[in-house]
Structures are given as C-alpha cells and as structure tokens.
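Data block below; observations after.
The values are calculated or read from the model by the stated rules, or taken from the named source; none is laboratory data. Please read all numbers here as calculations on a predicted model, not as lab measurements. Neighbour counts are summed over all protein chains in view; Cβ atoms, including those assigned to glycine, are modelled from backbone coordinates with ideal geometry. We work out accessible area using only protein heavy atoms, side chains counted, and drop any ligands, DNA or RNA first. Shrake-Rupley method; radii C 1.70, N 1.55, O 1.52, S 1.80 Å.
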Amino acid sequence: MDRSPSYLVGHPPLRITDAAPVRDADTGYRPHARFRSLPASGAWREGDDPGDRKFVHLGSQTLESGATIDVTVAYETWGELNEDRTNAVLLCHALTGDSHVRNADGTEGWWPGIVGPGLAIDTDRYFVVAPNVLGGCQGTTGPASPHPDGRPWARRFPRLTVRDQVATEKALMDYLGVPSWHLVAGASAGGHRVMEWPASYPEHVDQFAVLVSAPETTAEQIAYAHQQILAIELDPAWRGGDYYDAPAGNGPHAGLGLARAIAHTTYRCPTELDSRFDRAPQEGEDPMDGGRFAVQSYLDYHGYKLAARFDANSYLTLTEAMMTHSIGRGRGGVEAVLSTMTQRALVVSVDSDRLFHPADQRRLAESLPGCDGLVTIHSDHGHDGFLVEDDQVGDILRTFLAGA
Ligand SMILES: N[C@@H](CCO)C(=O)O
C-alpha cells in the first residue's frame, strides 16, 4: 500500500537535501546545529539502559491485519508476585513513554511519584509490570527492529492496532504466570490499552483505572494526529522511512520535532501557555527581527528532546494505532461493549485537558457499570496533568485501591 500523503501521490518525489537549515541560528529545531550530534533514530540501543529492563522473546504474533511478526518485549517490574498470584498490576505507558516508570531511587521515569515503596501503587504490596508497547522503540519490537531480511522494518512494519498491543501484553502476562491483573492502569494512549483489556480479556482483569483517555478516538484527536503524521512524512530526511543508516544529524528530526510541538501544544492548555510565556521574546532573541517568542523556543526544545530519544517510524506506527482505536469496532459499538465491563473501574479526567475532554470522560464513567462516577484532577497543565499532579493522582489511585 502506498503510504505517501495523498496529495503527494503522483507528484515527483521530494528532493532529499542534506537537511538544509531553514534558519542560520544555533538553537531550537529549525536551526540544525542541535541536531548534528543526534543519531538518525532515537530508538533504544544496547548499552543505553536506564533501570532494570528485561527482555522476553514471545515468538510470533499474528496481528489484526493478518500479518505475522516475531515479537520481543522489553519490560520492567517492581515488587514481588505473591503466592496466590493476586497482586499483579499492569501499567500501560502513554504515547512516547516506555517501561521506565521509576529508578530504584525514584528520581527518573514517568510516574516515580506514584509507583514505589509506600506510594499509591505500593511496590511493597504489588507486583508492578510495565512493558514497552508493541510498535515502540525502547526495546520492544517496532519499526526500528530488524525485519527477517536483517534490515530495519522501517515503514514495512505492519499496521498495528491497540488490540494487537494488548494481545502482546497478554502474552507477557502468560509468560509471567499472572492469571489476572489486580489492576490495569494507564493514561492517554496507555488508557486506550486499559480500555481494550476488559473488552478483549474480561476474565483476566479484576479492576481498571483509565486516566485522561477514551474508549475510542475522536475526530478532533484524529485531526491532530494527521498533522503530526504529515510533519514527519514531509521531512525530506524521513526518506520514506529509510533513514536508519543516515549520518548523525540527518534523521527526520525536524519532522519528528514538529510533530511533537503540535502534540505538546495539545498536551498543555491555553491559560498555562499564556500565563507562563505571554508574548515574551525568547531571551536574546527579537521576534521583530526573525527571533522567536519564548513559547516557540519552549516547543522547539520539546521537539528536540523527543527527537533525541524516539524513533520517527515508531511515532507514526503508534499514532496510527491511536487513530484506529475503538473498543466497539466489530463488537456492536462502544456502548454495547462498555455495558459488559462489569469490573470495578476508575475514570479520571483533568479539568484543563483540551485533548481528552472531561465531558467525554463523564459519559464514559456513566456508561461503565463498575464505576462510581468521574474523578477530576484540577490542574493548570492540561492533558499532561497526569504526569505533573503527583499528589492528586496518587490520592485518587490510593483511594481507589483501598476500596477494593
Ligand atoms: N507526555 C505524554 C503525553 C501523551 O499523553 C507522552 O509523551 O506520552
């Protein structure tokens, strides 16, 4: 299937340049100086390993598309599985997260204030499992992994669905000898997998917690995702996905960085951006003379940071999986599936989230038979509130788990 953006089909191919700088400055992602040291792909490499990442080869998996791939999963665990095997918790990371929830000393990772000894998800009590998602780039099989011909899959990687990703997590569960998750929890794209778990494997989930997420993607979310996909595909350095052997600095960093800047804007909220940055110029730059506003520099920085740690083809694969997410597909619709989810359920929104609207989560909470109603986090940080508001997120999860 031709995956070129539709308006490029039939047009001459884009001319690949040496990632010519758009501007001749030396900060941010427009200027390429910062990219020069970045490898073409930020996918995991042997050796760069925070935490105690483990790998398991799960063998071949047939995907919803009918394609079969050989799957290895990277995952981390904290705590011990008890004798009854009733204390296992599955954590599903968001779009660009990975298995690294926390360091042993709690200093890094994406939920170090939530997961750990004595914390809301208490690793003295629970056996916590966090896999890197199928299609990701931090150790689990994805587009940067070798195709059977030895070269990276790149854009030959089959189209994935959230159901495929959850099927991989089920295979990991079997490998670990966990009969049922005491809790499946996750936010955003991780929440998509949380929602898919009781829909696909109801007998293997005791309760679930879905934060800032939904049973299916909205048109608005697909619209934002579309822009991000085009940002990558229109970067000449993307080279149709075959950039893995490009010299340092010549990967699709500008496209991936722009995709992140679009996404990051949706992860924060207008009042936050206005109050933090207002119309201030970036220090040392003059917007009246080609320089940037501070908010531009902030987005450039987040784009650069993602380009340094992520793989552009993975970003495409995972974004496409988000776009097709619907627990109702082929099952009689979302409402029909929700009515069968009788497990105890927690639904959490952030009041300033402009990507996953709290009104949609209220409807979700009302449709789930095992949910006591929507719980709302108050935050100035929009969708990313689930990563920033540790005290509130921790209290909410602690209270939910205590009521089990
Ligand atoms: N900051 C999060 C936002 C998406 O929920 C991520 O990168 O995955």
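Kindly work out what percent of the DSSP beta bridges joining two residues of the chain are antiparallel, to the nearest 5. Walk me through the numbers before you get to the answer.
Values: 15 of 38 bridges.
Taking every DSSP beta bridge with both residues in the chain, the antiparallel ones total about 40 percent.
If packing is taken as the average count of other Cβ atoms within 10 Å, what order do 156-164, 77-85 fall into, highest mean first? Can you show the working numbers first?
Values: 156-164: 21.1, 77-85: 14.6.
Packing proxy ranking, top to bottom: 156-164, 77-85.
Among 231, 385, 73, which residue has its Cα positioned farthest towards the positive end of the charge dipole of the chain, with +1 placed on the Cβ of Lys and Arg, -1 on the Cβ of Asp and Glu, and the dipole taken about the Cα centre?
Of the options given, the answer is 231.
Based on C-alpha coordinates, I'd like the Rg and Dmax of segment 221-321, in Å.
Taking only Cα atoms of segment 221-321, I get Rg and Dmax of 14.7, 43 Å.
Positive end of the charge dipole of the chain (Lys, Arg +1 and Asp, Glu -1 on Cβ, about the Cα centre): tell me which of 166, 182, 302 has its Cα farthest that way.
Looking along the dipole axis, the top candidate is 166.
Carbon and sulfur: what percent of segment 194-348's accessible surface (1.4 Å probe)? Walk me through the numbers on the way to the answer.
Working: 3270 of 5970 Å².
Percent of accessible area from carbon and sulfur atoms in segment 194-348: 55.
How large is ³J(HN,Hα), in whole Hz, for each residue of segment 209-216 in order, when computed from phi with the Karplus curve 6.51 cos²θ - 1.76 cosθ + 1.60 and θ = phi - 60°, using x for Gly and Pro?
Once rounded to whole Hz, the list reads 10, 10, 10, 5, 8, 7, x, 8.
Please give the Cα centre distance for segment 264-294 versus segment 177-223, rounded to the nearest Å.
Here the answer is 35 Å between Cα centres.
Using a simple charge model, +1 on the beta-carbon of Lys and Arg, -1 on the beta-carbon of Asp and Glu, nothing else, what dipole does segment 237-292 show about its Cα centre, in debye to the nearest 20?
Working: 6 positive and 9 negative charges, 49 e Å.
About 240 debye.
Would you be so kind as to identify all helices of the chain, as entire DSSP H runs, whose Cα atoms reach 15 Å or more along the helix's own axis and whose mean Kyte-Doolittle hydropathy is at least -0.5? Walk me through the numbers on the way to the answer.
Values: long enough: 162-176 (21 Å, -0.19); 189-200 (17 Å, -0.47); 219-233 (21 Å, 0.17); 253-267 (20 Å, 0.33); 294-309 (23 Å, -0.41); 312-323 (16 Å, 0.38); 390-402 (17 Å, 0.10).
Result, helices passing both filters: 162-176, 189-200, 219-233, 253-267, 294-309, 312-323, 390-402.
Accessible area per residue, 1.4 Å probe, Å², for the chain: what's the number? Please report the intermediate quantities before stating the final value.
Details: 17140 Å² over 404 residues.
That works out to 42 Å² for each residue.
What is the packing order of peptides 130-142, 371-383, 257-269, taking the mean over residues of other C-beta atoms within 10 Å and listing the highest first?
Details: 130-142: 27.8, 371-383: 18.3, 257-269: 23.2.
Final packing ranking: 130-142, 257-269, 371-383.
Starting with the highest mean, order 315-323, 86-94, 281-289, 232-240 by the number of other Cβ atoms within 10 Å, averaged over the residues of each peptide. List each step's numbers first, then the result.
Numbers: 315-323: 22.6, 86-94: 24.6, 281-289: 12.1, 232-240: 19.9.
Output ranking for 315-323, 86-94, 281-289, 232-240: 86-94, 315-323, 232-240, 281-289.
Under 5 Å between amide H atoms, partner at least 5 residues away or on a different chain: which partners does residue 38 have, H built in plane at 1.01 Å?
Hits under the 5 Å cutoff: 249.
With charges only on Cβ, +1 for K and R and -1 for D and E, what is the dipole size of segment 221-321 about its Cα centre, in debye, rounded to 20?
Details: 8 positive and 14 negative charges, 48 e Å.
The calculation lands at about 240 debye.
How large, in Å, is the chain by the Kirkwood hydrodynamic radius built from its alpha-carbon pairs? It would help to have the intermediate numbers written out before the result.
Working: mean 1/r = 0.0458 Å⁻¹.
Here the Kirkwood hydrodynamic radius works out to 21.8 Å.
Quick one: length gained pulling residue 222 to residue 52 fully straight, 0.36 nm per residue minus the C-alpha distance? Walk me through the numbers before you get to the answer.
On the way: separation 170, 0.36 × 170 = 61.20 nm, distance 3.49 nm.
Result: 57.7 nm gained on full extension.
Considering amide H positions built from the backbone, and no H for Pro or chain starts, which residues 5 or more places from residue 217, or on another chain, come under 5 Å of its amide H?
325
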